[in-house]
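The values are calculated or read from the model by the stated rules, or taken from the named source; none is laboratory data. No experiment lies behind these values; they were computed from the predicted model shown. As a convention, Cβ positions derive from the backbone with ideal geometry for all residues, glycine included, and neighbour counts pool all protein chains shown. For the accessible areas, the whole protein counts, side chains as well, though only heavy atoms, and no ligand, DNA or RNA atoms are used. Shrake-Rupley method; radii C 1.70, N 1.55, O 1.52, S 1.80 Å.
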Amino acid sequence: MNSSGFDESRVDRIGAVGRRYVDAGKLPFATVQVARRGEVVYTDHYGWADVEAQRAIELDSIVRIYSMTKPITSIALMQLYEDGHVLLENPISRFLPEFADLQVWAGGIAEAPITRPPTRLPTVKDVLTHQGGFTYGFMFQHPLDAMYRERGIGNLVVPTYSLAEGMARLAKLPLLFDPGTSWNYSVSTDIVGRLVEVISDQSLDEYFAEHILGPLGMVDTAFQVAPDNVHRFVDNHAPASAVATLLGKPLDDEPWRLVTTDKADRSPYTTQPAFLSGGGGLTSTLADYQRFCDMLVGRGTLDGARIIGPRTLAYMTRNHLYGNQTLNETGQSFFSEVTQEGMGFGLGFSPVLDAAANSSVSNDGQYSWGGAASTAFWIDPKEEMSVIFLTQLMPSSTYPIRRQLRAAVYQALT
């Protein structure tokens, strides 16, 4: 056992989880890091940044973190809350007047929706908690999702329009339900990002750099991979089955076979995007995201830099779903970056409310989120521990690796 309370004879089981997927050809690479009480306890990286060229993954490789952007954006808005510039109960239309005339879906079809007025307008808290009635175009669950896709909203394609234009498009579409009455994973955090821009009078990348990324020393986290760092950027992938389904083609004999969907050197992430997505636009590295996690474990501070107040962070990471329900009790979405049983949702994070109901070895109060390319992180305040997992495979629901990693990490704690 080392000083951080991990059994050294058992810690390599953590990396073995990801390595099995890589050896089976199901993941391009697997990088995992565990830190506890300010000390990195275990790191393993294995596989290929470029599978075709057999270019090895490195610890400083740059990856798409997609929805692991969301906690950063949520922290940004809560910094403005701490400064008294915004209240959680404020309607978002106070800052974004285009959302003042929203309607709610009441029936019909995508081409001819029937709508009605909402019981109230969505608030700042509603968009932080995904309870505002918004959705994602990639869901394929409801006619409203098709309306999003038709307008190029939330469909996993990097938009060519600005964040302000995206909000103008979104505000013309109906809500899925009355704000505050249900939970649905959605473009809400892009709204949060736009709120940060309007309230701070800065672009989202400028605000991040000044108030979060710069103070934390997250030097490689950005909306664009800089030209001199493209050689460190990695390819993105999907299993052949997912590609065949998307294209309407029959499955081949190897449905798990990796298909490269975004080459690093030709990726849209190598140019500055017009749409600064607070919901999923950042690229980052293991070291950078570890800095963010260390700040969370440190209750809002790292190396003397106070990013968020400890009580504000504690408030963000508790359950804010209506009636203290779990995701599977109140949620409309079949998609989530976490298993919904026993889980709640806070202001940008998903806490474990009941580890037994979640069927996982963990502690109540642990909080987490993940990204579309199967990346994930979690924070366990009771154990003073963070875990980060990086790879590049979409969709994130392809394999249960996040839950398998959780079992592997906790079995090594003595």
Q: Apply the Kirkwood formula to region 1-49: the hydrodynamic radius equals the inverse of the mean of 1/r over all pairs of different alpha-carbon atoms; give it in Å with one decimal.
A: 11.5 Å
Q: Take the alpha-carbon centre of region 274-321, take the same for region 150-184, and report the distance between them in whole Å.
A: 24 Å
Q. Per the Debye formula with a single identical scatterer at each Cα and no solvent contribution, what log10 I(q)/I(0) holds for the chain at q = 0.08, 0.11, 0.12 Å⁻¹?
A. -0.40, -0.79, -0.96
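Taking K and R as +1 and D and E as -1, what net charge do the other residues with C-beta under 15 Å from the C-beta of THR271 add up to? Write down the numbers at each step before the final one.
Numbers: positive: ARG64, LYS263, ARG266; negative: ASP205, ASP228, ASP262, ASP265.
Surrounding charge for THR271 is -1.
Over the alpha-carbon set of region 74-232, divide Rg by the Kirkwood Rh and report the Rg/Rh ratio to two decimals. Provide the component values of the computation, followed by the final result.
On the way: Rg = 16.6 Å, Rh = 16.6 Å.
Dividing the radius of gyration by the Kirkwood radius yields 1.00.
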Q | Most mobile of GLY309, GLY133, GLY108 in a GNM of the chain (Cα contacts under 10 Å) | A | GLY108
Q) Can you give the Kirkwood hydrodynamic radius of region 86-175 from its Cα pairs, in Å with one decimal? A) 13.6 Å
Q | Shape parameters for region 166-298, alpha-carbon atoms, Rg then Dmax in Å | A | 18.3, 53
Q) With the Cα gyration tensor of region 50-121 giving a ≥ b ≥ c as the square roots of its eigenvalues, does the rule (a/c under 1.5 for rounded; else a/b larger than b/c for prolate; else oblate) give rounded, prolate or oblate? A) oblate
Q. When the chain is modelled as a GNM with alpha-carbon springs shorter than 10 Å, which of PRO381, PRO351, PRO310 fluctuates the most?
A. PRO310
Q. What percent of all Cα-Cα pairs in region 185-231 falls in each 10 Å bin, counting up from 0?
A. 25, 43, 29, 4
Q. Ratio of Rg to Rh for region 266-411, alpha carbon only, Kirkwood?
A. 0.96
Q: At 1.4 Å probe size, with every protein chain present, just tell me what the per residue accessible area of region 1-60 comes to in Å².
A: 49 Å²
Q: Please compute P(r) over all alpha-carbon pairs of region 1-95, binned at 5 Å starting from zero, and give each bin as a whole-number percent.
A: 2, 10, 14, 14, 14, 11, 10, 8, 9, 7, 2, 0
(Q) Only Cα pairs within less than 10 Å get springs; with that Gaussian network setup on the chain, which residue of THR245, THR326, THR285 has the largest fluctuation? (A) THR245
Q: Taking the Cβ of VAL40 as the centre, find all other residues whose Cβ is under 12 Å away and add up their charges (Lys, Arg: +1; Asp, Glu: -1).
A: 0
